[in-house]
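Working notes for the structure below.
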Amino acid sequence: MGSLDSYLPIFLLIVLGIVFAALSFVGSKMLAPQRPTAAKRAPYECGIVPTREPATRFPVRFYLVAMIFIIFDIEVIFLFPWAVVYDQLGRFGLVEVIVFAAAVFISFVYLISYGALDWGPMRRVRPVATDQPRTSASTVRRVDGTEPVGSGGSSGEAA
């Protein structure tokens, strides 16, 4: 019977997980609105009624920040075993971890230089060439593709 005693904590953990999941479902059912209305189904955002639907597409910068986060998580995961056996690795281990950290840091500086963490408006890669000074009438374009009234036609860009 001694060999089965080692499985008791695993069995208890599985039972605890099943009980937690069951209680979560029951609690969700009990706390859910019983007579849902449109107001109860609407998302609650700090008391502000949402006026538009959320954007369905995320900008590329969002994914760049996520990848930077993952890279630094991986770096930390690699540094823990190195720290545990630091005395055994000696100078070779120190040089290797410095090279690894430098590669991660250089890639991080490269991403920052290209605006991976800038959440403001995107910077232009090359300026738009125009012969006319920029005005509000020449800048505004309608959604349907027509020029606003009084803009004087084309804004100087070749098609």
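Each value in this text was obtained by applying a stated rule to the coordinates, not by laboratory testing. Please read all numbers here as calculations on a predicted model, not as lab measurements.
Determine the gain in length on full extension of the stretch Ile70-Phe105; use 0.36 nm per residue of separation and subtract their C-alpha separation, reporting nm with one decimal.
On the way: separation 35, 0.36 × 35 = 12.60 nm, distance 1.36 nm.
Extra length from Ile70 to Phe105 when fully extended: 11.2 nm.
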Would you mind checking which residues have amide H under 5 Å from Ala116's amide H? H placed 1.01 Å from N; only 5 or more apart, or other chain. none
